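Written below as structure tokens is the structure these notes are about.
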Amino acid sequence: FFDMLISDYEPLAKKKNIKLQAYSDVEGIYEVNPQQLVRVVDNLMMNAIRYTPENRSIWIQAFSEQNNVPTWLFSFVTEEYTFDFTKFAYVIVQNEGEGIKPEALRNIFEPMYQVDQARTKKETSGTGLGLSITKQIIEKHGGTVTGFSRLNQGTCFICSIPKKGGNEHATD
């Protein structure tokens, strides 16, 4: 599922000469709506592609174990975020770029909010709803979405998705 989903973004990243690095290692049982999770990933990835300059990188990873925490996470993320693998699996989308100002980051999940108010909708082709919808979907699944950003470094979004029945693991 994850590999199929990511394959849709490879041509878009290649067109902008962006290095896309994708990893997946999830174990356990989760009650999710696949169509809604596709929308979450699509919202996050399209923003990442839109705001990543040429010759930079985007990372996406889905994982459920401590030993799979990405080594590429920005240090400002690892200093601020605590993973709880007894209850959650995680999907992370991180991109290099100009980043988001702290005052904008506080409002980023509000409906109709756009980081760069000076841009017209035609230029960005966005409505300001993507991150709000992402938050609603993840919260309906019982998880959270958290955004981190530093100017001139980049942005990272971490989505937590609850495990069904705590820390059960699938046998296959």
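The values are calculated or read from the model by the stated rules, or taken from the named source; none is laboratory data. Quick caveat, the model's predicted, so the values are computed rather than measured. Neighbour counts run over all protein chains shown; Cβ positions are idealised from the backbone, glycine included. We work out accessible area using only protein heavy atoms, side chains counted, and drop any ligands, DNA or RNA first. Shrake-Rupley method; radii C 1.70, N 1.55, O 1.52, S 1.80 Å.
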Result of the Cβ filter at 6 Å on the range 72-97, keeping first residues that are small (Gly, Ala, Ser) and partners that are in a helix (DSSP H, G or I) and open to solvent by 40 Å² or more (accessible area, probe 1.4 Å), at least 6 apart or interchain, is 97/51
If you check 99, 143, which single one turns out to be in contact with a Gly (Cβ under 8 Å, 6 or more places away or on another chain), at pLDDT 95 or above, of a type outside the set (Ser, Thr, Tyr) and in a loop (DSSP other than H, G, I, E, B)?
99
Surrounded by 15 or more Cβ atoms within 10 Å (Cβ to Cβ), in contact with a strand residue (DSSP E or B) (Cβ under 8 Å, 6 or more places away or on another chain) and of a type in the set (S, T, N, Q) - does that describe any residue in the range 30-41?
no
Restricting attention to the range 58-65, does a residue exist that is in contact (Cβ under 8 Å) with a residue 12 or more places away in the chain, of a type in the set (Ser, Thr, Tyr) and either over 15 Å from residue 161 (Cβ atoms) or open to solvent by 40 Å² or more (accessible area, probe 1.4 Å) (or both)?
no
Please state which one of 29, 49, 60 is among the β-branched types (Val, Ile, Thr), outside any helix (DSSP H, G or I), at pLDDT 95 or above and out of contact with any His (no Cβ under 7 Å at 6 or more places or on another chain).
60
Going through the range 3-21 one residue at a time, which ones are surrounded by fewer than 18 Cβ atoms within 10 Å (Cβ to Cβ) and in a strand (DSSP E or B)?
19, 21
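Matching residues to (1) out of contact with any Asp or Glu (no Cβ under 6 Å at 6 or more places or on another chain); (2) within 17 Å of residue 95 (Cα to Cα):
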| residue | (1), (2) |
| --- | --- |
| 2 | yes, no |
| 6 | yes, yes |
| 9 | yes, yes |
| 12 | yes, yes |
| 17 | no, yes |
| 23 | yes, yes |
| 27 | yes, no |
| 37 | yes, no |
Can you tell me which of (1) part of a loop (DSSP other than H, G, I, E, B); (2) in contact with a strand residue (DSSP E or B) (Cβ under 8 Å, 6 or more places away or on another chain); (3) surrounded by fewer than 16 Cβ atoms within 10 Å (Cβ to Cβ) is the one residue 71 doesn't meet?
(2)
